[in-house]
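Note sheet for the following structure.
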Amino acid sequence: MEAIYEVEVTTGSMTHAGTFDNIFITLIGTQGVSERTKLDSIGRDFKTGMKVKYKVITRFTLDKLLLIRLEKDNFIFLPENDWFCSVVTVRTPEKDVIHFPCYRWMGEGEVIELREAKATKIYEEKYSQLKEHRKNELTLNKQVYQWTEFKPGLPQQACFQEPLSLPSVVRFSFTKDMDSAFSCSSALGEIKMKTLAKKPDPWVQLEDMKSAFWSSRTAVSEYVQLHWMDDEFFGYQLLNGPNPMMLRRCTELPLNFAVTDGMVQPFLESGTSLTLEMKEGNIFLCDYKRLADLPMQVINGKQQYVAAPLCLLYKNQVGKLLPIAIQLQQQASEDNPVFLPSDSGYDWQLAKLYVRNADCLEHQATFYLRTHLLAETFTVSLMRNLPAAHPIHKLLVPHTRYTLQINTLIRDRLLGPEGAVTQNTSIGDEGMTNLMKKALSDLTYSSLCLPEDISERGLESIPNFFYKDDGLQHWSFINDFVWNMVKFYYQSDDDVQRDTELQDWIKEIFIYGFLEQSSTGIPQCFSTVEEVIKFLTMVIFTVSAQHSALRAGQFDYGSWFPNAPGSLKRPPPTSKGSSDKNTLLDTLPDMNTSAYLVSVFWLLSKPSSDFVPLGQYPEDYFCQMAPQNIIRDHQAELSFMNECIKDRNKGLQVPYTYMCPDNISNSVSI
């Protein structure tokens, strides 16, 4: 007796998702396989955003439906075009409705097999066909997503050389237009600095900078331009600028920092002392020691320089964080003076300029290592070790969107030997690589977990620290979301220990991302449900909220380039009283160097053209009520947080928007 299967096919809604090509389907069940059936109805079948229904008739029921096979053949006389299939839904003769999520492109001649949406762990597989399908998927993925060395001593990367060569399953809606838009040339055009980028000349006066800067300003960057010399703003941006990662509480002065109680006494409240204020938790330190002994390059025929400063800051009685002492090199000596706010205005401003340069370089290394490179590690291991049916694959795959594409572009256009970052910073390619290696050697699991990082740096009670306030709220919400998801699929620690695919995922992260350094504290395996929840919270936080916090403010704070110079043309001063009104201009990078770095800040600060905010999951990989409800609860929390942040920002001179959920991408996508 023949059986009728009702099939509904949904084409993606993004531009060019549809196709004129022929699509064929085969149904695979426990009791047989249907004939290869062309999906053909009246009119065009696979237009962008369309749902079309078909019937597949078999001579007998296939019993439990396990897989569907889709094939795509070129339609005669028409140029081949890819098709984005979102989901296929099948209603069986037994009236079961089964969803087969796809959410990927198909090219000419491509054949893909999809299994139903229900998340399944390896030890839960009952049918030999699905066990074989699972095994084959991972075998193929390990051939496609191979690890390769980016640079010795840094996390390994995916083997792809350019983004349009990526497999269709991770292409999402990435296009050639997006590829070409990610270039400094297009950025220079957008910010009207193309002419400036051709001038290897020094700046003659600050007014020239203002006119170059003016056409691309933002509300925040205008504030930066007005206040970049103020001590109060200098301290503020170490908390809420693009690099809130350097500051830590100082309970004891480093032995190599030649500051004394008497030097800084005039800048403290009356009746107190440096020793007492350290005990009270009001003294903070930024130590840029990783910049010591890095190679420096020549730009425009001029030697470039970098300092490795120590900067001491004081939180006064009204909660303002103010710099009170700066030593520009690591080793205390007579020709390495401690600069103070009471020095001449030129000396003090110049000392702060070297700190801003050091902070800019540290930020570029930290941002790329802690977000982009780690996101790639998580993504490649996910594709190699967790099949599409795995619950953790379904949970994390939306958080991998465009990560491999953007990292491929960054390596080629920003961080390669000819990249805009390496060509226009004082330390160049070799120096940036060494800096990232040093940063990796200091990286720990606890430093990636925000509550532990804030505690270890002693920053729990510092006021007006919006990165901390918003970040801890995000960590809590993400942790709740992950807890509910993981608990739904893993009822016991034994469930975790039995999941060999999950164990392979974390093992490869440890080996290829953290280079088998057990000192990092990164787990090499999972023993408990709680360990899985914590690690997944860290992963999602890193690729979303943390990435946004380190990325989105770069243009706001760096487009007024004296505030974030990537390179300096004069060596750090070795004495006081030797600087004048021209010294600052002579020290700043040339016009073209400034323009190129600002173009990088612009590129990395703008959201992608089809941005997906944190907590939004347009693709339903689960197709189950319980995960869908968990996602809705998470979205409600984020929506409430969004409104709270907007209300708070109304009362701030400089709004902190970089961790507003509406502004955070679900993944490292830019």
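The values are calculated or read from the model by the stated rules, or taken from the named source; none is laboratory data. This one's a predicted model, so the numbers in the text were calculated from it and none came from an experiment. Cβ sites come from the backbone with ideal geometry, for glycine too, and all protein chains shown count toward neighbours. When the accessible area is computed, the model is the full protein with side chains, heavy atoms only, and any ligands, DNA or RNA have been set aside. Shrake-Rupley method; radii C 1.70, N 1.55, O 1.52, S 1.80 Å.
For this structure, a couple of remarks:
- Residue 168/residue 94 FRET efficiency (R0 41 Å; Cβ-Cβ; nearest 0.05): 0.80
- For the range 517-622, the set of trypsin sites (Lys or Arg not before Pro) satisfying both a DSSP loop assignment and a count of at most 14 other C-beta atoms within 10 Å is given as 581.
- Listed residues 657, 563, 612: farthest to the positive end of the dipole of the range 546-670 (Cβ charges): 563
- Remark: the chain carries a charge dipole of roughly 900 debye about the Cα centre, counting +1 on each Lys and Arg Cβ and -1 on each Asp and Glu Cβ.
- Across the chain, the mean sequence separation of Cα contacts (distance under 8 Å, 6 or more residues apart), normalised by length, yields a relative contact order of 17 percent.
- Neighbourhood net charge (14 Å Cβ-Cβ; Lys/Arg +1, Asp/Glu -1) for residue 507: -4
- Annotation: amide H of residue 67 within the under-5 Å range of 28, sequence separation 5 or more or interchain, hydrogens built in the peptide plane.
- Multiplying each eigenvalue of the alpha-carbon gyration tensor of the chain by 5 and taking the square root yields semi-axes of 52, 27, 21 Å, largest first, rounded to whole angstroms.
- 3J(HN,Hα) along the range 192-201: 6, 10, 4, 5, 4, 5, 9, 10, x, 10 Hz, from the Karplus curve 6.51 cos²θ - 1.76 cosθ + 1.60 with θ = phi - 60°, whole Hz, x for Gly and Pro.
- Mean separation of Cα contacts under 8 Å (6+ apart) over length of the range 93-224, as relative contact order %: 18
- Linear extension gain, residue 616 paired with residue 33, 0.36 nm per residue minus alpha-carbon span: 206.2 nm
- Calculated accessible area for the range 348-491 comes out at 23 Å² per residue, all protein chains present (probe 1.4 Å; ligands, DNA, RNA ignored).
- Computed [θ] at 222 nm, deg cm²/dmol, the chain (DSSP H ≥ 4; -39,500 (n - 2.57); rounded to nearest 500): -11500 deg cm²/dmol
- Distance-filtered residues of the range 526-543 - backbone nitrogen under 20 Å, label point 7 angstrom along residue 497 Cα→Cβ: 526-535
- Carbon-plus-sulfur accessible fraction, the chain (probe radius 1.4 Å, protein heavy atoms only): 50%.
- Residue 488 - accessible surface, heavy atoms, 1.4 Å probe, Å² rounded to 10: 80
- The gain in end-to-end length when the residue 476 to residue 609 segment is fully stretched comes to 45.0 nm, 0.36 nm per residue minus the alpha carbon separation.
- Couplings 3J(HN,Hα) for the range 555-568, derived from phi with the Karplus relation 6.51 cos²θ - 1.76 cosθ + 1.60 (θ = phi - 60°), are 6, 4, 8, x, 6, 7, 4, x, 7, 9, x, x, 8, 9 Hz, where x marks Gly and Pro.
- If you take the Cα centroid of the range 229-278 and the Cα centroid of the range 55-120, the two points sit 63 Å apart.
- Pairs of Cα atoms nearer than 8 Å and 6+ residues apart set the relative contact order; for the range 271-429 it is 20 percent.
- Centroid-to-centroid, using Cα positions, the range 428-473 and the range 580-657 are 18 Å apart.
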